[in-house]
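Read the structure below first, then the notes.
The values are calculated or read from the model by the stated rules, or taken from the named source; none is laboratory data. Not measured: the values here are computed from a predicted model. Glycine gets a Cβ as well: all are built from the backbone with ideal geometry, and neighbour counts include every protein chain shown. Surface areas here come from the heavy atoms of the whole protein model, side chains and all, with no ligands, DNA or RNA. Shrake-Rupley method; radii C 1.70, N 1.55, O 1.52, S 1.80 Å.
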Amino acid sequence: MISNQILQNTIEGMKAISRVDMCLMDVEGKVLVSTFAEPVATGSEVMDFVESQADSQIIKGFQYFKVYDEHQLEYVLVVNGSDDLFMIGKMAAFQIENLLIAYKERFDKDNFIKNLLLDNLLLVDIYNRAKKLHIDVDARRVVFILETDQSKDYNLLECIKNMFHGKSGDFITAVDEKNIIIVKELEELDGYEEMNRLAASILDTIGRTSDGSTHIAYGTIVKELKEVSRSYKEARTALDVGKIFFSDRDVFAYSALGIGRLIYQLPIPLCKMFIKEIFADKSPDDFDEETLVTINKFFENSLNVSETSRQLYIHRNTLVYRLDKLQKSTGLDLRVFEDAITFKIALMVVRYMQYMETLDY
């Protein structure tokens, strides 16, 4: 249903052009929106007009018009203040009727896109409804998911819609309270570099949060409307994987998740078995802060002992001692590439398990 705020803005705009006051009522005579300073009609007068066969009528100097929504009487429009009341009133009623049609079509499209994203439509329904709603089924598209603490704010949703300038091929909606979904129609030559720039532009527009709670993720580019749900699922995965393994970023692309995407698909029992095989009864959680900082910095510097010791402000021999100590504890020598890979994967698996545990609570 169209909001009263939109209706109020509409009649105020028409008054500014025509210099005619207008009042819009429901079929029971209740005033919904008005530019009049005083009441202009009683409930009984409106009810009498509603029950009459006339589509327009003059009552006590005011011109009344019936406003329909698909042949169903929806509103009564009352105008006054000009010699051309009939023409202005008919134009105003026509404008409101078209506004109802436009918003209904927008609502229908929104429902269609939500059901499309959630895989609630049969293939034949996708093509039939897309044709009815004038949606191109062969356009290239990609799905973005914007997660932010601000996402419950209606103004934020409108801000994102305004950013895309109401382009007919783009759809902005929400399937839950936490995320805003953007289905973006692409040009023929648009690729993932453009998607990264667009994602960064969206974050710049709404403002990045200092606590790192705002993220945006996107799936792969698809070439048919029926594949949009796949891009949406990929964006969902990218959002989860990104928050687990790439906490220093706020833009996550499904096509650039690396080994994190593989780990995310592992069942938890298999992960536990792998960690027990590597660390026995121990866990990376048992390591002290100094050891964890050393390990992470060693990986950051591509297993370079000299550079790692320099960045940690410690002697090379001190770093070697720490690595030897870790080797005795775990049986893995991080200076050996194969052991380093095993250890790195194990750390990522533990991080994944910890994330999944938080979802269970």
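If only the Cβ of Lys and Arg carry +1 and only the Cβ of Asp and Glu carry -1, the dipole of region 288-361 around its Cα centre is close to 300 debye. Loop-located GluC sites (Glu not before Pro) in region 120-220 (DSSP state not H, G, I, E or B) with no more than 13 neighbouring Cβ atoms inside 10 Å: E177, E187, E188. What a 1.4 Å probe finds exposed on the chain is 51% carbon and sulfur by accessible area, rounded to a whole percent. Summary of the geometry: region 1-69 and region 337-354, compared by the centres of their Cα atoms, lie 69 Å apart.
Using alpha carbons only, how many angstrom separate the centre of region 155-229 from the centre of region 264-327? A separation of 37 Å, based on Cα centres. Only Lys, Arg, Asp and Glu carry charge here, each on its Cβ (+1 for the first two, -1 for the last two); on that basis the chain has a dipole of about 1120 debye about its Cα centre.
Taking Cα pairs under 8 Å and at least six residues apart, what relative contact order does the chain come out at, in percent?
Rounded, it is 11 percent for the chain.
Are there DSSP H segments in the chain that both extend 18 Å or more along their axis (alpha-carbon positions) and score a mean Kyte-Doolittle hydropathy of at least -0.5? List them, or say none. Numbers along the way, then the final one.
Details: long enough: 4-18 (21 Å, -0.15); 85-117 (47 Å, 0.23); 192-206 (21 Å, 0.05); 228-245 (25 Å, -0.26); 316-330 (21 Å, -1.01); 337-360 (35 Å, 0.42).
Flagged H segments are 4-18, 85-117, 192-206, 228-245, 337-360.
At a probe radius of 1.4 angstrom, the accessible area of region 1-62 per residue rounds to 60 square angstrom.
For K131, a cut-off of 21 angstrom between C-alpha atoms picks up these lysines, skipping any fewer than 8 places away in its own chain: K104, K109, K114, K167, K184, K223, K226.
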